Amino acid sequence: MRRYLLTIFTLILPLITFAQESASEKFDRIFKEYTGWFVEGIFYEIPFSENYQIPWVLIVLIGGAIFFTIYFKFINITGFRTALRVVQGKYEDIEKHGADTLYGDQTPNEDHNIIETLRDDSAHGEVSHFQALTAALSATVGLGNIAGVAVALSIGGPGATFWMIVAGLLGMASKFAECTLGVKYRDVGEDGTVYGGPMYYLTKGFREKGMGGIGKVLAVVFAIFVIGGSFGGGNMFQANQAAAQFTKLFDFQSDNAGMYFGMVMAVIVAVVIIGGIKRIASVTEKIVPFMAGIYVLASLIILGANYNHIGDAFGLIFEGAFSGLGIAGGLVGVMIQGIRRGAFSNEAGVGSAAIAHSAVRTKYPASEGIVALLEPFVDTVVICTMTALVIIITNYEGGFMEYGVPIKEGVELTATAFDSVIPHFSIILTIAVILFAFSTMISWSYYGMQGWVYLFGKGKVSDLVYKILFLIFVVLGSSISLGAVIDFSDAMIFAMVVPNIIGVVILSPIISKELRKYMKAINVKHEALDEGAEDLTKHM
């Protein structure tokens with residue numbers, strides 16, 4: 001059956017690549033006729049009054065985030081300091097070898113054996129905590145932070161920023177929960193390759209609870225959605241936006257400029273993704289901190305140059321957050337725009353990040369869950385908020401945006417805001433968009449491949465088929481515009497929310513057990529250090 005399905009996918013999908021620009025509109029129209037119902041269903045907005053509607057998928061995302069925040073006793077706040085220490089490698093020794101092994105009752109004669117134990121890299125996994133964090137961040141930090149925030153502000157006003165931050169803080173609990181399960185139920189191949197994500201915790205976790213049939217169905221549904229999402233929103237859309245920004249930056253007039261850009265991008269992507277998660281992580285751990293650092297630094301320069309407006313900006317944010325004056329839908333309209341941007345930006349609850357985080361080297365699943373909660377904080381609370389503050393403050397004197405009047409070109413507006421203080425920064429911003437698109441693509445290639453091998457089996461042939469298809473879609477996305485295909489893919493990404501949230505809620509007691517186990521291990525180490533034991537992380 002798997003071989004049959006694999007053959008169908010291999011034969012049908014490449015046919016799309018032969019679509020010419022003249023035929024793309026026809027294909028787009030036909031595709032929309034057959035898939036429009038699915039897109040409309042996923043993004044259906046529940047009307048609460050004549051002025052505002054709320055997408056049901058947003059209710060599921062935020063509802064799940066609130067549940068996890070309360071259930072895990074505000075882990076998004078209480079676990080923040082621990083998360084920073086874990087990323088710094090403070091507990092790398094116990095995560096590889098166990099707290100009892102290293103810091104349990106030891107006799108003096110066993111010291112040498114402990115050092116020998118440290119040299120035995122026995123913990124399963126392929127990447128470090130920091131690499132897993134940057135790999136997952138690379139899939140979320142990007143166009144949404146730069147363009148999406150500007151669009152949200154144009155519709156919801158400055159007050160949307162407050163609710164965006166709230167969504168980011170709540171999303172931290174969702175990331176913790178799903179990424180803990182990602183490590184808990186991962187598969188590790190004979191060669192050390194890790195296979196993880198919602199497909200595996202839905203299958204294994206539900207089987208433990210006597211719900212194996214339901215879990216299998218949810219896992220297959222999730223795998224199909226993640227494959228579709230990886231080809232479209234995680235690939236074609238990113239390639240299309242990167243190509244558009246590149247051709248605009250260098251003012252290329254050729255109709256084939258996008259295709260040529262796509263070919264070059266495909267080659268670069270191929271060099272990275274053929275190396276698997278290890279090479280992907282080694283690239284993202286350099287790109288994400290570098291580009292995010294430049295972006296935040298530029299934002300701080302602008303805030304410093306306009307320090308006299310910072311207080312007024314926060315005044316507008318808090319006033320708008322609770323009044324909603326001049327915004328369609330009033331207070332609720334502002335809340336929806338802010339929460340929508342925050343939730344859709346960090347993808348907390350979607351389940352995609354659990355795939356990247358499952359590859360980490362650790363014996364304690366909750367250790368990576370705690371690291372993962374930093375992701376929405378960086379993505380939404382820091383980067384999205386920086387963008388919002390820059391736009392609000394520069395808009396005081398620039399007057400380039402009227403709140404309550406929707407815009408479509410968010411990148412241009414954000415570029416205008418930065419250029420008003422740092423001349424020609426829009427060039428750097430364009431490069432940032434291209435690099436963020438590239439990092440998003442390589443991370444989503446890993447997400448999609450994990451869904452692919454779950455459906456069609458593990459092996460070099462299966463991996464290669466998926467990667468070739470992914471590279472074809474890089475060129476396709478850069479060359480032509482297929483709006484309905486992108487809409488369908490975006491819908492598939494957010495359709496992942498349904499099986500994932502169901503699974504994580506049902507498996508929440510197991511997450512709590514893993515959290516207690518890890519916190520106990522940390523306490524064992526701290527108690528041993530208080531009694532004079534040597535901190536063995538320096539031998540790692």
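The values are calculated or read from the model by the stated rules, or taken from the named source; none is laboratory data. Fair warning: this is a prediction, and the values are worked out from it, not measured in the lab. Here the Cβ is made from the backbone with ideal geometry for all residues, glycine too, and neighbour counts use every protein chain on show. These accessible areas exclude ligands, DNA and RNA; they are computed on the full protein's heavy atoms, side chains included. Shrake-Rupley method; radii C 1.70, N 1.55, O 1.52, S 1.80 Å.
I need the P(r) histogram for the stretch 122-180: all alpha carbon pairs, bin width 10 Å from 0 out to the longest distance, whole percents.
17, 39, 28, 11, 3, 0
Taking the inverse of the average 1/r across all pairs of different Cα atoms in the stretch 160-234, what Kirkwood radius in Å do you get?
Taking the inverse mean of 1/r over all distinct Cα pairs, the stretch 160-234 comes out at 14.1 Å.
Please report, in debye to the nearest 20, how large the charge dipole of the stretch 257-413 is about its Cα centre when each Lys and Arg carries +1 at its beta carbon and each Asp and Glu carries -1 there.
Around 720 debye, computed over the stretch 257-413.
With charges only on Cβ, +1 for K and R and -1 for D and E, what is the dipole size of the stretch 199-350 about its Cα centre, in debye, rounded to 20?
Result for the stretch 199-350 is approximately 720 debye, rounded to the nearest 20.
Show the residues, 5+ positions off or on another chain, whose built amide H is closer than 5 Å to the amide H of Ile422.
Answer set, sorted by chain and number: none.
Rounding to the nearest 20 debye, state how big the charge dipole of the stretch 332-487 is about its Cα centre with +1 on each Lys and Arg Cβ and -1 on each Asp and Glu Cβ.
720 debye
List the extent of the Cα atoms of the stretch 356-499 along each of their three principal axes, largest first, rounded to whole Å.
58, 43, 30
Could you go through the stretch 31-38 in sequence order and give the Karplus-derived ³J(HN,Hα) for each residue, using 6.51 cos²θ - 1.76 cosθ + 1.60 with θ = phi - 60°, rounded to whole Hz, and x for Gly and Pro?
Along the stretch 31-38, the couplings run 4, 5, 4, 8, 10, x, 4, 5 Hz.
Across the stretch 487-495, in residue order, what do the Karplus-derived ³J(HN,Hα) couplings come to in whole Hz, using 6.51 cos²θ - 1.76 cosθ + 1.60 with θ = phi - 60° and x for Gly and Pro?
Going residue by residue, I get 4, 5, 5, 4, 4, 5, 4, 7, 5 Hz, with x marking Gly and Pro.
Putting +1 on Lys and Arg Cβ atoms and -1 on Asp and Glu Cβ atoms, find which of Phe377, Phe400, Thr414 reaches farthest to the positive end of the dipole of the stretch 344-468.
Phe377
Rounded to two decimals, what is Rg over Rh for the stretch 192-285 when you use alpha-carbon atoms and the Kirkwood radius?
1.16
Once you have the alpha carbon radius of gyration of the stretch 382-451, what is it after dividing by 2.2 N^0.38 Å, with N set to its residue count?
Normalised Cα radius of gyration, the stretch 382-451: 1.38.
Expressed as a fraction of 2.2 N^0.38 Å, the rule-of-thumb size for a compact globular protein of N residues, what is the C-alpha radius of gyration of the stretch 132-288?
Against the empirical 2.2 N^0.38 Å value, I get 1.29 for the stretch 132-288.
Please arrange Val166, Val350 by accessible surface area, largest first, computed with a 1.4 Å probe and ligands excluded.
Listed by decreasing accessible area, they come as Val166, Val350.
Step through the residues of the stretch 161-178 one at a time and calculate ³J(HN,Hα) from phi using the Karplus curve (6.51 cos²θ - 1.76 cosθ + 1.60, θ = phi - 60°), rounding each to whole Hz and writing x for Gly and Pro.
4, 4, 6, 5, 5, 4, 4, x, 5, 5, x, 4, 5, 5, 5, 4, 5, 5
For the stretch 330-408, take N as its residue count and report Rg(C-alpha) divided by 2.2 N^0.38 Å.
Rg over 2.2 N^0.38 Å, computed on Cα atoms: 1.47.
Regarding the stretch 423-508, what is the average projected area of its C-alpha convex hull, in nm²?
Average projection, Cα convex hull of the stretch 423-508: 8.6 nm².
Here is the link list: Lys90/Lys278; Lys278/Lys520; Lys204/Lys363; Lys90/Lys517; Lys73/Lys175. Which ones come out longer than 20 Å on Cα distance?
Flagged as over cut-off: Lys90/Lys278; Lys278/Lys520.
Let me understand the stretch 221-267 better: what is its radius of gyration from the alpha carbons, and its Dmax, in angstrom?
Answer for the stretch 221-267, Rg first and Dmax second: 13.2, 43 Å.
Once you have the Kirkwood Rh of the stretch 198-346 from its Cα pairs, apply Stokes-Einstein at 10 °C and 1.306 mPa s and quote D in µm²/s.
It diffuses with D of about 78 µm²/s by this estimate.
Using Cα positions and a limit of under 25 Å, work out the lysines in reach of Lys248, with same-chain residues fewer than 8 apart set aside.
Cα-Cα hits under 25 Å: Lys408.
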